[in-house]
Amino acid sequence: MKTQRLLRAGIGIAAVTSLTLLAGCSGGDDSATGSNSGVAPEGETTTIQFWHSMSGTNGESIDAVVESFNASQDEVEVVATFQGSYPETLTKLQQSIPAGTGPDISMVERAFVPLLAEAKVLADLNPFLESSDMSEDTFVEGLMGNITFDGELNAIPFNRSSPMLHVNQTALDELGLEVPTTWEETEAVANALVVKNGSETSRYGITMNYESWWPISLIVQQGGSFFNEDGTAIGFDEEGVEAFEFIKRMQDSGALYYPPTTDSGNVVGQMFLGGQVGMVVNSSGSIGGYLQNATFDYQTAFLPEGDRAAAPTGGANLVMLADSDKQDPAWTFLEWLINDAEGGQRFIKDTGYVPFTPAIAESDEFVELFEAEPQRKVAYDQLANSIDTNNSPHFAEIDQEFLKTIQAIMYDDADIETSLDAFIERANAILAD
């Protein structure tokens, strides 16, 4: 059954066999005190390969952090390599791990970690944390889903985010509108923000990325969950219908612009900065770029709530591969990222991702930053509403089915209830396999 799941997730037969063999030989002493120390002889430098998915200014921030680490000492050199989007990075890991050509450390989208953890190709980071007088309590509680399996800590949070409401406050103020806090208010404000020139719309009320996390958050806000508690079936029914009816009402009225599947993040971001849409549901990781480029009063807000407040988390974690023969030097870099102000703290400040440790959020630098840029504090505070219900090794595959359903509903005006029933049937069949 595991082999079939990995095949559907994009790993070929040879790769599955190799993953199985790898799982059988990756345990044991591969820890902070084990045989895979990878420490170079005295006077020599150990090179660590670090794969990531950050491009543009975020990629520049990664490069700057790595450069700072390399300059801070001469025992470990980290080589950071951009591998494409989160799915592209996952595919390359799936191909490289069986071949023995994978990196020592990789960035992995949070929802993809269970797939690799189930294949037993990720190192347990608990011994490393313990060796550095740290624990899981070092990190923000709301970011710790999807990383612990069979008693092992298989990832640590890093470039983490949450979907939130980004607002052109100037546009709202001109119309005397308040930032919406509920679905009903969102629909009203989005419609009020629309500006039409004849048959052309020069400003939409709201837009969103082409991805699954806002629909999932809406489902959770209505009391549903993406998977049920034990991960054996889809955890929503009418909640999904209510979520998509809400989105479709705004689309049908002309208030919501739904973007193309390709490069949707840049499309909606450019529309927002260009004044072509008044509000956008997008990642908190967009805050830095919006702050830098907005020519209007830019503000952020919690996701408007339905029956309850809820927001999933997104972004990526960092993992160490179980077959790395340089685990101790790799941990030297990870420990530095966690604790050094020039490491993760600098990256978070430069990009707008949420602080992944309370220590970062409570540092003098971030207390001052939150006062100067309250948009960032909103993102951090929303983590108190974090509810992640897509914790399953099957998520990557089932999410593709969900995205097909979103396409049918949003692009083709397919019947919502029929489309969701078909999705649930397909997804439950995958879960039952």
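The values are calculated or read from the model by the stated rules, or taken from the named source; none is laboratory data. This one's a predicted model, so the numbers in the text were calculated from it and none came from an experiment. So basically every Cβ, Gly included, is an ideal-geometry build from the backbone, and we count neighbours across all protein chains shown. Keep in mind that these areas ignore ligands, DNA and RNA; they rest on the heavy atoms of the full protein, side chains included. Shrake-Rupley method; radii C 1.70, N 1.55, O 1.52, S 1.80 Å.
Here is how the numbers come out for the structure above:
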| read-out | value |
| --- | --- |
| Elements of type helices (runs of 4 or more DSSP H) contained in the range 58-176, each with 2 or more residues being farther than 25 Å from ALA301 by Cβ | 86-99, 113-118, 126-131 |
| Filtered residues of the range 293-313 (kept if over 18 Å from ALA171 (Cα atoms) and open to solvent by 30 Å² or more (accessible area, probe 1.4 Å)) | PHE302, GLU305, ASP307, ARG308, ALA309 |
| Test: residue in the range 127-137 that is in contact (Cβ under 8 Å) with a residue 12 or more places away in the chain, in contact with a Phe, Trp or Tyr (Cβ under 6 Å, 6 or more places away or on another chain) and either closer than 30 Å to GLN221 by Cβ or crowded, with 24+ Cβ neighbours inside 10 Å (or both) | no |
| The range 323-348, subset closer than 27 Å to SER284 by Cα and touching an Asp or Glu at 6+ places or on another chain (Cβ under 8 Å), residue least open to solvent (accessible area, probe 1.4 Å) | GLN345 |
| Qualifying residue in the range 296-314 (condition: under 20 Å from LEU193 (Cβ atoms) and modelled with pLDDT under 95) | no |
| Output for the range 70-85, where each listed residue is crowded, with 19+ Cβ neighbours inside 10 Å and within 24 Å of the chain's Cα centre (by Cα) | VAL78, ALA80, GLN83 |
| Residue match in the range 20-43 (condition: modelled with pLDDT of 95 or more and either of a type in the set (Lys, Arg) or open to solvent by 30 Å² or more (accessible area, probe 1.4 Å) (or both)) | no |
| Selection within the range 207-232 - crowded, with 23+ Cβ neighbours inside 10 Å and either at positive phi or among the hydrophobic types (A, V, I, L, M, F, W, C) (or both) | MET208, TRP213, ILE216, LEU218, ILE219, VAL220, PHE226 |
| From PHE244, PHE333, PHE272, PHE296, residue being in contact (Cβ under 8 Å) with a residue 40 or more places away in the chain and out of contact with any strand residue (DSSP E or B) (no Cβ under 6 Å at 6 or more places or on another chain) | PHE244 |
| In the range 188-206, residue most open to solvent (accessible area, probe 1.4 Å) [restricted to those that are touching a Gly at 6+ places or on another chain (Cβ under 9 Å) and of a type outside the set (A, V, I, L, M)] | LYS196 |
| Flag for THR389 being over 29 Å from VAL66 (Cβ atoms), among the hydroxyl-bearing types (Ser, Thr, Tyr) and open to solvent by 20 Å² or more (accessible area, probe 1.4 Å) | yes |
| Of residues in the range 91-100 being on the phi < 0 side of the Ramachandran plot and in contact (Cβ under 8 Å) with a residue 12 or more places away in the chain, the one surrounded by the fewest Cβ atoms within 10 Å (Cβ to Cβ) | ALA99 |
| Complete set of residues in the range 392-433 that are outside any helix (DSSP H, G or I), among the acidic types (Asp, Glu) and open to solvent by less than 50 Å² (accessible area, probe 1.4 Å) | ASP433 |
| Any hit, the range 233-242, residues being surrounded by fewer than 17 Cβ atoms within 10 Å (Cβ to Cβ) and within 25 Å of PRO87 (Cβ to Cβ) | yes |
| Number of positions in the range 355-385 that are touching a Gly at 6+ places or on another chain (Cβ under 8 Å), within 22 Å of GLN221 (Cα to Cα) and open to solvent by less than 30 Å² (accessible area, probe 1.4 Å) | 2 |
| Identity of the residue in the range 276-292, touching a strand residue (DSSP E or B) at 6+ places or on another chain (Cβ under 7 Å) and at pLDDT below 95, that ends up surrounded by the fewest Cβ atoms within 10 Å (Cβ to Cβ) | LEU291 |
| Close pairs (8 angstrom Cβ cut-off, 6 or more residues apart or separate chains): open to solvent by 10 Å² or more (accessible area, probe 1.4 Å) in the range 101-125, aromatic (Phe, Trp, Tyr) and assigned to a helix (DSSP H, G or I) anywhere | GLU109/TYR86; PHE112/TYR86; PHE112/PHE395 |
| Test set (1) assigned to a helix (DSSP H, G or I); (2) over 30 Å from GLY274 (Cβ atoms); (3) of a type in the set (D, E, K, R) - GLU187 fails condition number | (2) |
| Residues of the range 191-243 that turn out to be of a type in the set (Gly, Ala, Ser), in a strand (DSSP E or B) and more than 17 Å from PHE272 (Cβ to Cβ), as a count | 2 |
| Subset tally (residues that are open to solvent by less than 30 Å² (accessible area, probe 1.4 Å) and not small (Gly, Ala, Ser)) for the range 59-69 | 4 |
